[in-house]
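This report concerns only the one structure given below.
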Amino acid sequence: MKVLVTGGSGGIGLALVKQLLEQETITSVTATWYSNMPALQHPKLNWQQLDLSDETEIAALMANIHQLDWLINCAGVLHSPQLKPEKSLSQCQAASFMLSMQLNALPSLLLAKHAAKALKHSQSGVFLSISAKLASISDNRIGGWHSYRCAKAALNMALKNIAIEWQRTHPKVCVAAWHPGTTDTALSKPFQANVAKHKLLTSERSATLLLKRIYQLSPEQSGKFWSWDDQVLSW
């Protein structure tokens, strides 16, 4: 099987790439990075630099990938010098909101658009993006983090839409969202103080659980939102 991992240089992404390379059924892994290319090298691994918010770059990447079985998007941004999770409406800024949408929601739509041809003839296709439980509207109890919640909710809607369309055009591909729990990565580092140690997952553990879930997916499950603990979450 041939696999593409976008956001492959991040905590979960890199751990997943390493585990995929150990799978005998995986014949090739293309993984993308944005600012820092990992040192990891392997005969089955092909690193590609990619800006996931640039449709031209995504189209160019996919033009060279003619057959694909799994596309796993591990990219996402919670905080950066330009992004800070808002604790109140007074902290909301239009530019930050649009940037979060551009980095967290838009890439999956663009990837699906340009990977559709490569995935179409897979006999066990998977298109999966890492989301977040706080994107669930029905599960929202405490509010806050407006831009990030909205962007991840938009991501979920995009995945649901893709799943519905691909039931007709890509009946052998499963489209899914996956919540990794709180994982010990740079994304969650500033927000780990109130997380119980037994609930803080390592990147390796998250990648193991993600890979387990992917192997269990089938086209009949397309359009679902999974959690690291095997729960099906409400959109």
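The values are calculated or read from the model by the stated rules, or taken from the named source; none is laboratory data. As the structure is a computational prediction, the values presented were derived from the model and not from experiment. Note that we place each Cβ from the backbone using ideal geometry, even for glycine, and neighbour counts take in every protein chain shown. Accessible surface areas use protein heavy atoms only, side chains included; no ligands, DNA or RNA. Shrake-Rupley method; radii C 1.70, N 1.55, O 1.52, S 1.80 Å.
A few notes on this one:
- Charge dipole magnitude, Cβ of K and R +1, D and E -1 - region 103-156, Cα centre, debye nearest 20: 80 debye
- Both numbers refer to the Cα atoms of region 29-69; Rg and Dmax are 10.9, 29 Å.
- In the chain, the calculated helix contribution to ellipticity at 222 nm averages -11500 deg cm²/dmol per residue, counting -39,500 (n - 2.57) for every DSSP H run with n ≥ 4.
- Here the gap between T25 and Q231, fully extended at 0.36 nm per residue and compared with their Cα-Cα distance, gives a gain of 71.5 nm.
- Between I137 and H121, the modelled label-to-label distance comes to 4.0 nm, taking each label 7 Å out from Cα in the direction of the beta carbon.
- Taking a straight line from the alpha carbon of K44, these lysines sit under 18 Å away, with near neighbours fewer than eight places off in the same chain left out: K2, K18.
- Net length gained if the chain between S80 and H66 were fully extended (0.36 nm per residue, minus Cα distance): 1.6 nm
- Spatially proximal lysines relative to K152 (Cα-Cα < 20 Å; intrachain offsets below 8 disregarded): K84, K87, K113, K133, K160, K189, K224
- Amide H contacts of H179: S131, W226, S227, W228, each under 5 Å away and 5 or more positions distant or on a separate chain (H built 1.01 Å from N in the peptide plane; Pro and chain starts excluded).
- A Cβ-based charge dipole, computed about the Cα centre of the chain with Lys and Arg at +1 and Asp and Glu at -1, lands at about 400 debye.
- The alpha carbon centroids of region 75-123 and region 5-22 are separated by 19 Å.
- Gyration tensor (alpha-carbon) shape descriptor, the chain, a/c threshold 1.5: rounded
- Surface exposure of region 48-129, expressed per residue as accessible area with a 1.4 Å probe, stands at 50 Å².
- Selection from I130, L40, A63, by position along the positive dipole direction of the chain (Cβ): I130
- Listed residue (G13, Q231, C74) projecting farthest to the positive dipole end of the chain, Cβ model: Q231
- Nearest-ten-degree value, helix 203-216 long axis tilted from longest Cα axis of the chain: 50 degrees
- Summary value for the chain: 20 percent relative contact order, contacts being C-alpha pairs under 8 angstrom separated by 6+ residues.
- Ranked by how many other beta carbons lie within 10 Å on average, peptides 92-101, 11-20 from highest: 11-20, 92-101
- From phi via Karplus (6.51, -1.76, 1.60), per-residue ³J(HN,Hα) for region 134-139 in Hz, x at Gly/Pro: 5, 7, 5, 5, 6, 8
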